[in-house]
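Trainee: My questions will all concern the structure given below.
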Amino acid sequence: MKDKLDISSAVEGLYDTFPFPPDPLVDEAPPGYNWRWSWPVAYSFCTGQIPQKQDIRILDAGCGTGSSTDYLVHLNPQASVVGIDLSSGALQVAKERCSRSGASQVEFHHLSIYDVGQIEGEFDFINCVGVLHHLPDPIKGIQNLALKLAPGGIMHIFVYAELGRWEIRLMQQAIAILQGNQPRNYKDGVKIGRQLFASLPENNRLVKYEQERWAFENKRDECFADMYVHPQEIDYNIDTLFELIEASGLKFLGFSNREYWNIERLIGKSSELVERVVDLDDRERYRLIELLDPQISHYEFFLGRPPLPKIDWSDDRLLLAAIPELSPCLQGWPSENIFDGDYKLVNLSRKEYEFLQACDTNSNSQSPSTVGEILANIPVELEIVRSLQSRLLILLTE
């Protein structure tokens, strides 16, 4: 227990010194959209359909300076949001951020994830990004969060992957050796780390990795400290990740960065290799992918508490009877060139654009049209509708 308290105190000290993330404070809603923070889009990703209710409770577990909390409030205007964090310094920034942006339906508590049980009631949606891997006991942390997840609720989690962070771990250890008996002097740790990167040869593997992947964001000391002088970090591989998931007692609903977990992006040039993958179970396929792509530095995924009925819309009759709506996480709409919920540019065909226009009309209609009724006026193939739904550009209701 003493060790856990000591580690938690050290983590709190880091974020009091370097509140994270260091996103600027603005007097308006946050820019852009991340669909993982939108309850209707995240729920649709997990189940295939729009949730029946929007007036839900959301927990931002380990909210830091409130960047994610701010999005959760603005993207879910009917929800009530609770943010908790171990760092009082980070929470001060979070409160100011949400106050300035007009995110009013939110409350904050100075609590660790271990103490989340002190908050009354359950939550329909829990966001826990970049937190569990900094706990001395992540299994206890995820179990505590699972106890607060309501039936039919979903949880989004982000934790580190060991293969993609190998060079980072080496630099962490090098800094720790040079710090000697001052491990909690985080400003000194940042100074040492920057001196190391400036002194090492340009072709050094650690220097090259930093320059290629992290140097831009690490210009800010808060980011550099979070990456290289953190007092507690546990990195996962697929096997240990699923041990964590199984300990939660919740159902794995899928990776939210699903394009990374498509094996054909790595071996698609060889039909023989693709054929060998067919008989692998999901866990084996995931492990193969991370071995072949050791730059994967994190896992982001959804867990859920049943009942969570899932629809895949493979039945034409079911799809034709569905009511489509435009995703709320599109930037630049209306246009044939938009950014989706992953901030990726999407160039719509003319048919796709016209169909999305009809879906946009549906969103504000007292008598929304079904897919079949829209297709009677706009000649779009059903496979195009399925593609729009799978890319989370439209959401469907049964």
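Trainee: Give the lysines whose C-alpha is closer than 18 Å to that of residue 219, dropping any in the same chain fewer than 8 places away, or say none.
Mentor: By straight Cα distance, residue 219 reaches 187, 191, 208.
Trainee: Could I ask something else about it? With the cut-off at 14 Å, report for the range 21-112 the share of all Cα pairs above it, as a whole percent.
Mentor: 61
Trainee: What's the long-distance tail for the range 249-305, i.e. % of Cα pairs beyond 12 Å?
Mentor: Every Cα pair in the range 249-305 considered, those over 12 Å come to 70 percent.
Trainee: If you don't mind, there's one more thing I want to ask. Under a 1.4 Å probe, what is the accessible area of the chain per residue, stated in Å²?
Mentor: Dividing the accessible area of the chain by its residue count gives 48 Å².
Trainee: Here is a follow-up. Where a Cα-Cα gap under 27 Å defines reach, which lysines qualify for residue 310, not counting those fewer than 8 residues away within the same chain?
Mentor: Correct list for residue 310: 53, 148, 251, 344.
Trainee: Viscosity 0.692 mPa s, temperature 37 °C: Stokes-Einstein D of the range 54-93 from its Kirkwood Cα radius, in µm² per second?
Mentor: Taking Rh from Cα pairs, D becomes 322 µm²/s.
Trainee: Let me ask something additional. Computing the accessible area with a 1.4 Å probe over protein heavy atoms, can you report the carbon and sulfur percentage for the range 150-298?
Mentor: Carbon and sulfur together cover 49 percent of it.
Trainee: What angle do you read, to the nearest 10 degrees and between 0 and 90, between the alpha-carbon axis of helix 2-17 and the longest principal axis of the chain?
Mentor: Helix 2-17 sits roughly 80 degrees off the main axis of the chain.
Trainee: Over the chain, what portion of Cα pair distances is larger than 38 Å, expressed as a whole percent?
Mentor: Above the 38 Å cut-off, the chain has 24 percent of its Cα pairs.
Trainee: Give the carbon-plus-sulfur fraction of the accessible surface of the range 1-140 in %, rounded to a whole number; probe 1.4 Å, heavy atoms of protein chains only.
Mentor: With neighbouring chains kept in place, the figure for the range 1-140 is 49 percent.
Trainee: About its Cα centre, what dipole magnitude does the chain give when the only charges are +1 on Lys and Arg Cβ and -1 on Asp and Glu Cβ, stated in debye to the nearest 20?
Mentor: 540
Trainee: While we're looking at this one, here's another question. Using the per-residue mean of other Cβ atoms lying within 10 Å as a proxy for protection, in what order, highest first, do the peptides 77-89, 330-342, 42-54 fall?
Mentor: Taking the mean over residues of other Cβ atoms within 10 Å, the ranking is 77-89, 42-54, 330-342.
Trainee: Where does each of 360, 3 land when they are ordered by accessible area, with a 1.4 Å probe and the largest first?
Mentor: So the residues, ranked largest to smallest area, are 3, 360.
Trainee: While we're on this one: Out of the DSSP beta bridges found with both residues in the chain, what percent are antiparallel (nearest 5)? Let's see the in-between values first.
Mentor: On the way: 19 of 39 bridges.
Rounded to the nearest five, the antiparallel share is 50 percent.
Trainee: Which FRET efficiency value, to the nearest 0.05, is calculated for residue 279 and residue 78 with the Förster distance at 35 angstrom and r the Cβ-Cβ distance?
Mentor: Efficiency, from the Cβ-Cβ distance: 0.15.
Trainee: Can you pull the percent of the range 305-345's accessible area that's carbon plus sulfur, 1.4 Å probe, other chains left in place?
Mentor: After summing per-atom areas, the C and S share lands at 56 percent.
Trainee: Kindly provide the helix-only [θ] at 222 nm of the chain, computed as the sum of -39,500 (n - 2.57) over DSSP H runs of four or more divided by all residues, to the nearest 500 deg cm²/dmol?
Mentor: Values: 17 runs with 170 residues, N = 398.
After summing the helix terms and dividing by residue count, I get -12500 deg cm²/dmol.
Trainee: So, one more: Rolling a 1.4 angstrom probe over the protein chains, ignoring ligands and nucleic acids, what is the accessible area of residue 101 in square angstrom, nearest 10?
Mentor: 10
Trainee: Between the range 264-341 and the range 25-47, what is the C-alpha centre distance in whole Å?
Mentor: Rounded to whole Å, the Cα centres lie 18 Å apart.
Trainee: Arrange the residues 299, 114 by how much accessible surface each exposes, largest first, with a 1.4 angstrom probe.
Mentor: 114, 299
Trainee: At 4 °C and a viscosity of 1.567 mPa s, what translational diffusion coefficient does Stokes-Einstein give for the range 330-398, taking Rh as the Kirkwood radius over Cα pairs? Give it in µm²/s as a whole number.
Mentor: Result for D is 105 µm²/s.
The values are calculated or read from the model by the stated rules, or taken from the named source; none is laboratory data. All of these numbers come straight from a predicted model, not from anything done at the bench. Glycine gets a Cβ as well: all are built from the backbone with ideal geometry, and neighbour counts include every protein chain shown. Please note that ligands, DNA and RNA were not included when accessible areas were found on the heavy atoms of the full protein model with its side chains. Shrake-Rupley method; radii C 1.70, N 1.55, O 1.52, S 1.80 Å.
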